Amino acid sequence: MGKVIGNGRSTKVWKDSWVSLTQRTLPCGTTTEDDNDLRVFDLLTTELSCNRKRIEEVIPALAPMILSLQPSISGAEDSYFWYPTRNGIYSVKSGYHSIKGPSATPASNQSDFNWIKDVWNGAFSPKMKTFLWTTIQKAIPLGANLQSRGVTQEVKCIRCGQIETETHIFFTCEFAMKVWDYIQLKQLIDIAILRDVASALVAFRNNRCLSPLGVTTPILPLILWALWTARNVVIFEQRSYTVEETAIRVIKLAREWSQAQSHKKESSTTTQGSNFVLPHLGSPLPPPIGTTIIKTDAAWDKKSQTTGLAWIDAGPPSYRIMQGARIHRNVASPLAAEALAIRTALQDATASKVSLLRTYSDNQTLIRAINGKLFEKEIYGILKDIETLSSLFVESSFCFLSRAKNGQADFLAKSILRNLLCVMGRSLSI
Ligand SMILES: [Zn+2]
């Protein structure tokens with residue numbers, strides 16, 4: 001576990017791992033007895049931002065990393081986070097993989113395989129997507145998968161007695177090959193050379209059944225599904241489907257799905273899209289009259305770790321009271337930059353005596369983290385500040401806004417950053 005810095009009071013400089021968000025790092029320096037118990041708090045200014053001079057004095061080697069940490073200016077307590085996950089929250093699954101080592105992490109080295117393109121955006125049912133996902137993650141109870149988890153009984157193919165691997169049950173078992181023979185494909189693919197489901201999805205990207213079957217949807221997931229359920233019927237119901245029955249089931253399922261899709265298209269062309277809201281992205285409705293509306297954005301320069309923040313009052317002209325832009329240095333990521341933009345806007349709004357506020361950002365992760373009070377190790381302190389600051393308003397809400405609608409704030413953020421880089425003799429490449 002590592003520590004994320006809020007006010008720095010409970011984190012020991014030399015004994016806790018707090019400098020890096022990606023790997024355990026204990027700072028070492030020339031410790032004297034006096035600073036043995038030094039806290040991170042002692043490296044911050046009275047406003048709880050990083051005290052550059054002090055940090056460069058005490059831990060010069062790690063100063064650049066430390067300066068990019070964003071402590072909580074409202075004084076939130078420090079917290080622990082878990083290294084192996086992206087957001088820093090522990091999960092049993094990541095715990096398991098971290099003990100087992102890299103070999104246990106499901107590998108999809110198939111160079112071309114793409115989760116979004118090949119699975120999540122595939123033209124097949126959600127059930128098939130989940131099925132493909134569990135299969136590729138090696139989470140379906142196939143003999144070989146069970147064996148790798150220490151279950152050693154019943155690891156053989158129920159039809160031919162060979163070890164039941166993914167390749168075997170879906171592609172090379174005699175039963176599977178016969179089912180494949182029944183399904184006519186537009187392009188001939190040598191099924192026997194497919195190594196696993198992920199590479200099969202890549203090979204099948206553009207393949208559909210021959211037209212007489214009346215099938216227009218991708219056939220691969222359904223074949224795999226039919227083979228898998230045919231196997232389960234033998235094991236759990238002591239029944240068995242013949243090759244023909246299995247192949248016919250594939251075609252039947254594919255036709256049903258194709259037909260359902262064409263009905264859906266006819267009936268839903270007008271209603272789709274407009275009112276669809278993802279969880280935690282905020283209300284799509286306009287806020288009550290009198291609410292100050294602020295759009296925020298940040299432009300981030302990776303090389304100099306510098307960001308331009310901007311917030312702009314986007315309410316009706318008669319209400320407009322605030323806008324601003326600022327440079328912030330030592331910012332480690334675009335997410336931190338966007339979060340700083342919101343925090344700075346909220347500070348400005350409290351100073352401007354705003355009571356009803358709605359803040360927009362075009363960063364979904366950020367809006368979700370704020371509205372869902374989610375833990376994000378990278379912006380822990382800033383999120384705590386945003387929570388504290390927003391409690392100062394009578395009403396405060398946060399919503400996602402598409403980039404296309406956030407042009408003014410974007411322009412302002414880029415301008416201020418561009419000017420700074422220009423002074424430094426560089427141009428903005430974002
Ligand atoms: Zn077999």
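The values are calculated or read from the model by the stated rules, or taken from the named source; none is laboratory data. What you are looking at is a predicted structure, and each value in this text was computed from that prediction instead of being measured. Cβ sites come from the backbone with ideal geometry, for glycine too, and all protein chains shown count toward neighbours. These area figures cover heavy atoms from the full protein model, side chains too; ligands, DNA and RNA do not enter into them. Shrake-Rupley method; radii C 1.70, N 1.55, O 1.52, S 1.80 Å.
Here are the numbers:
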item: Complete set of residues in the stretch 133-176 that are under 18 Å from residue 243 (Cα atoms), touching a residue at least 40 places away in the same chain (Cβ under 8 Å) and in a loop (DSSP other than H, G, I, E, B); result: 158, 159
item: Within the stretch 331-347, tally of residues that are more than 20 Å from the chain's Cα centre (by Cα) and open to solvent by 40 Å² or more (accessible area, probe 1.4 Å); result: 1
item: Residue tally, condition buried (at least 24 other Cβ atoms within 10 Å of the Cβ) and closer than 15 Å to residue 396 by Cβ, over the stretch 310-330; result: 1
item: Residue 88 at positive phi and at pLDDT 90 or above; result: yes
item: Unique match (being of a type outside the set (D, E, K, R), under 23 Å from residue 385 (Cα atoms) and either within 28 Å of the chain's Cα centre (by Cα) or open to solvent by 30 Å² or more (accessible area, probe 1.4 Å) (or both)) among 69, 43, 62; result: 69
item: Number of positions in the stretch 139-170 that are open to solvent by less than 20 Å² (accessible area, probe 1.4 Å), β-branched (Val, Ile, Thr) and near the ligand (Cβ under 10 Å from one of its atoms); result: 1
item: Qualifying residue in the stretch 366-381 (condition: open to solvent by less than 20 Å² (accessible area, probe 1.4 Å) and more than 21 Å from the chain's Cα centre (by Cα)); result: no
item: Members of the stretch 220-274 that are at pLDDT 85 or above and at positive phi; result: 238
